[in-house]
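The values are calculated or read from the model by the stated rules, or taken from the named source; none is laboratory data. Please read all numbers here as calculations on a predicted model, not as lab measurements. Ideal geometry is used to build each Cβ from the backbone, glycine not excepted, and the neighbour counts take in all protein chains shown.
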Amino acid sequence: MEFFIQILIAAVVMGTPLLFATLGGVISERAGVINLGMEGLMLVGALVAFVVMLNTENYFYAVAAAALASGLVSIIHGVVCLMLRASQIASGLALTFFGTGLSGLFGDKLMGETVEPLSRIPIPGLHAIPVLGPVLFNHDVLVYFSYVCVGLSWWLLYKTRLGLNIRSMGEAPEVCDSLGLSVMAYRFFAVIAGGMLIGIGGAYFPLALTPFWVDGITGGRGWIAVALVIFAFWDPVKALGGAYLFGLALALELRLQILGIDISPYFLKMLPFVLTILVLTLVTIRNNRRGIQVMPAALGKVFFRGEKH
Amino acid sequence: MRKLISIMISVTLTLLLVGGTAWAGKPSVGFVYVGPVGDGGWTHAHDLGRKALEAAGHETSYVESVPEGDSERVIRKMARKHDIVFTTSFGYMDPTLKVAKQYPDKTFLHCSGFKQGKNMGNYFGRMYQAKYLAAMIGAGMSKKGRIGIVGSQPIPEIIRHINAITLGAQQVNPNIEVEVLWINSWFDPAKESDAAQALIDNGADVIVTMADSAATVQTSKKNGVYAIGNDTDMAIYGKEAHLTAAVWNWDVYYLAAVKAVENGTWKPGSDWWGLDSGIVGLTSFHPDVPQALIVQMNREKGRILSGATDVFDHGFTKQDGTRVTKALSDGEMLGMSYYVKGIISKAPSS
């Protein structure tokens, strides 16, 4: 039982950076802008969080600076694919290379520095609940903040006018435009807000998981998040389940070995991606039968004002 | 006009001649790395060797984080640019051989593999000797009698190191238990950290990592247990936990190999240098390590240095209970795929 709980705790911990990044991706893609630059944005967030933490020893400043920095870098993505109308795919990939290179360049001098990782703060009362308590309510503040972000993203997207507009931008930007809404402004907002969340996901690495700087600290998790956005069907609440499921896959790869269960590591490694393809296929088949469209209809499409489609 | 053309032709020929026969100065050296130079482990150690070449007046360059599956392109690029190319990951073996055939006038050296060609050799160090000695310190410092190993990729090299660690630990504590968790990656800090945590949760109080980052040292520090570093000195990441590290000193080899090529004495072969050459070694010890333990380890170290013993030459028992009595040949060590007795985890199936 203890072992089982430890697996679930590890799943939440490993899933948290994925969750932040996925939420960021969901918000951006809901507005119709694909973001393949997640890995780069996470690395920028990780680097900035580490540097600020090293100099101020203040977690709040570190997280805020990471969000700000990734938000700023996202503006590049916005300018390139919203203002200059370049391909979102190419711009996103370029963003990844940019972020990876940038973090490596500035991180070079940080080798050997360490920071104090975030400590666990059990939530009074809730942490005593059997199983759920230790698994969900005995973590560091960033994990709790990720719960809040899930709620906030959901509320923003489904319960506010702003969210309705953001979602509409991803479905039918030309309609929004004809209603007098600025497609550019809403999409920029979503890209920057999404970028900030992705940056916080990156910050989780040096602030909690591996409290030092090492080149490529995210270990390619940004790419898993790209898959997760699709896996979660562009929904913040499903992103929560998806991130923990992928976190569980990461945690299981190690724990199954402890149990002596012989499953090919290559199988476990591809599991998140196979799951994504499988769920996507099954749900798409089901939705096609019912005539539902889950993917934002205008996702990845360049919007030209005043042109007919 | 005719004069001009003839001058141009002669200049071109001279240049070709100069370029084809002799180096303008010292040979230039290219490196292909599997990880980033800032990994603080494997690649970082190689890059320190490259810097030593640079200090010795060689022109060098490197490409980092080259995926093994996409390395041929990069190796070819380096071959065009440099006289000597070092490729520093097991998976670069076949691509290196292929490119070596295409550039017969360049020298290629591949680290940790076994294939050779007319102008390609391979090299490695007997890291298992250093791991063996480091494990003696680890076993002496384990109160629970349990060492946890974070394995990287399950290939013979790493399995050999894990076995050497187990045999070394048994020199100090014959009943030591060794548990291994494979992260199936060379470099994934978050997962390395999680693996260390899982091993500690399961009872280990000394963690040895085979992976490239210092994440395990950090995690050990957080949990108040000891750790042994890999490839480079990782004490800066958590000196409270860091017992010692088995490290590479690649400069020893790189300087010698490049010198041999420069002097024209280099021949393709398999260089597998040991503790005595200085290519591998241990870093300074944690202040908690008792002097008696260091003395015991040094005695064994002296025996290895004098050639009186090696790790796999005086008999051991495999995990399945069969007894090995003969000394293992280099070939048998290079192809090791079984665990020795004392490891409680199941050997990876390949």
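Summary table below
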| read-out | value |
| --- | --- |
| Residue among B:Ala227, B:Ala246 that is closer than 16 Å to A:Val214 by Cβ and more than 13 Å from every other protein chain (Cβ to nearest Cβ) | B:Ala227 |
| Every residue from segment B:196-206 that is in contact (Cβ under 8 Å) with a residue 40 or more places away in the chain, more than 14 Å from B:Lys221 (Cα to Cα) and either within 7 Å of another protein chain (Cβ to nearest Cβ) or of a type in the set (Val, Ile, Thr) (or both) | B:Asn202 |
| Number of the exception - B:Asn202 against (1) farther than 28 Å from B:Pro67 by Cα; (2) crowded, with 22+ Cβ neighbours inside 10 Å; (3) of a type in the set (S, T, N, Q) | (2) |
| Residue within segment A:258-275 that is on the phi > 0 side of the Ramachandran plot and in contact (Cβ under 8 Å) with a residue 60 or more places away in the chain present | no |
| Complete set of residues in segment A:81-107 that are of a type in the set (A, V, I, L, M), part of a loop (DSSP other than H, G, I, E, B) and surrounded by 13 or more Cβ atoms within 10 Å (Cβ to Cβ) | A:Ala86 |
| Count - residues of segment B:92-142 that are more than 13 Å from B:Asp271 (Cα to Cα), basic (Lys, Arg) and in contact (Cβ under 8 Å) with a residue 24 or more places away in the chain | 4 |
| Per-region count, segment A:47-61, residues in contact (Cβ under 8 Å) with a residue 24 or more places away in the chain and over 12 Å from A:Ile200 (Cα atoms) | 4 |
| Among (1) in contact with a Lys or Arg (Cβ under 9 Å, 6 or more places away or on another chain); (2) over 25 Å from B:Thr43 (Cβ atoms); (3) not basic (Lys, Arg) - the single one A:Phe205 does not satisfy | (2) |
| Top-ranked residue in segment B:39-92 [being farther than 24 Å from B:Asp231 by Cα and acidic (Asp, Glu); ranked as surrounded by the fewest Cβ atoms within 10 Å (Cβ to Cβ)] | B:Asp70 |
| Residues that are aliphatic (A, V, I, L, M) and closer than 21 Å to A:Leu250 by Cβ, drawn from segment A:14-35 | A:Met14, A:Leu18, A:Leu19, A:Ala21, A:Leu23, A:Val26 |
| Number of the condition not met by A:Val148 [criteria: (1) surrounded by fewer than 21 Cβ atoms within 10 Å (Cβ to Cβ); (2) in a helix (DSSP H, G or I); (3) more than 14 Å from chain B (Cβ to nearest Cβ); (4) over 21 Å from the mean Cα position of the chain (by Cα)] | (4) |
| Counted residues, segment B:145-190 - those being within 13 Å of another protein chain (Cβ to nearest Cβ), farther than 23 Å from B:Trp272 by Cβ and part of a loop (DSSP other than H, G, I, E, B) | 5 |
| Residue check, A:Thr218 within 14 Å of chain B (Cβ to nearest Cβ), polar (S, T, N, Q) and touching a residue at least 60 places away in the same chain (Cβ under 8 Å) | yes |
| Only listed residue being within 14 Å of chain B (Cβ to nearest Cβ) and touching a residue at least 24 places away in the same chain (Cβ under 8 Å), chosen from A:Leu93, A:Leu82, A:Leu18, A:Leu41 | A:Leu18 |
| Residue list for segment B:244-256, filter: surrounded by fewer than 21 Cβ atoms within 10 Å (Cβ to Cβ) and not polar (S, T, N, Q) | B:Asp251, B:Val252, B:Leu255, B:Ala256 |
| Count of segment A:15-60 residues which are touching a Gly at 6+ places or on another chain (Cβ under 6 Å), crowded, with 24+ Cβ neighbours inside 10 Å and of a type outside the set (Phe, Trp, Tyr) | 21 |
| Boolean, A:Ala49 is within 14 Å of chain B (Cβ to nearest Cβ) and either within 20 Å of the chain's Cα centre (by Cα) or on the phi < 0 side of the Ramachandran plot (or both) | no |
| Long-range neighbours under 7 Å by Cβ, at least six apart or interchain, first residue on the phi > 0 side of the Ramachandran plot within segment B:143-160, second assigned to a strand (DSSP E or B) | B:Gly145/B:Glu177 |
| Positions within segment A:266-297 being surrounded by fewer than 14 Cβ atoms within 10 Å (Cβ to Cβ) and either within 14 Å of chain B (Cβ to nearest Cβ) or of a type in the set (Ser, Thr, Tyr) (or both), in sequence order | A:Tyr266, A:Phe267, A:Met270, A:Thr281 |
| Subset of segment A:246-257 that is touching a residue at least 40 places away in the same chain (Cβ under 8 Å) and either surrounded by fewer than 20 Cβ atoms within 10 Å (Cβ to Cβ) or more than 8 Å from chain B (Cβ to nearest Cβ) (or both) - its residue that is farthest from A:Glu2 (Cα to Cα) | A:Phe246 |
| Where a residue in segment A:121-140 is β-branched (Val, Ile, Thr) and its partner, wherever it lies, is not in a loop (DSSP other than H, G, I, E, B), with Cβ under 7 Å and at least six apart | A:Ile121/A:Val141; A:Val131/A:Ile5; A:Val135/A:Ile5; A:Val135/A:Leu8; A:Val135/A:Ile9; A:Val135/A:Val12 |
| Residue tally, condition within 14 Å of chain A (Cβ to nearest Cβ) and under 20 Å from B:Ala257 (Cβ atoms), over segment B:48-106 | 4 |
| Looking only at segment B:182-199, and only at residues there that are surrounded by 24 or more Cβ atoms within 10 Å (Cβ to Cβ) and over 16 Å from A:Val13 (Cα atoms), the one that is nearest to the chain's Cα centre (by Cα) | B:Phe187 |
| Residue that is modelled with pLDDT under 95 and away from chain A (no Cβ under 12 Å), where the choices are B:Met210, B:Met234 | B:Met210 |
| Some residue of segment A:57-65 being closer than 19 Å to A:Val214 by Cα and either part of a loop (DSSP other than H, G, I, E, B) or within 14 Å of chain B (Cβ to nearest Cβ) (or both) | yes |
| Helices (runs of 4 or more DSSP H) lying entirely in segment A:152-224 (those with 3 or more residues that are touching a Cys at 6+ places or on another chain (Cβ under 9 Å)) | A:161-171, A:183-204 |
| Any chance B:Lys221 is farther than 19 Å from B:Ile176 by Cα, in a loop (DSSP other than H, G, I, E, B) and over 15 Å from the mean Cα position of the chain (by Cα) | no |
| Candidates B:Ile155, B:Ile149 - the one that is farther than 22 Å from B:Asp288 by Cβ and either of a type in the set (A, V, I, L, M) or not assigned by TED's automatic domain parsing to the domain that holds B:Asp205 (or both) | B:Ile155 |
| Wholly within segment B:16-120, strands (runs of 3 or more DSSP E) carrying at least 1 residues that are at pLDDT 95 or above, touching a strand residue (DSSP E or B) at 6+ places or on another chain (Cβ under 8 Å) and hydroxyl-bearing (Ser, Thr, Tyr) | B:60-63, B:84-87, B:107-111 |
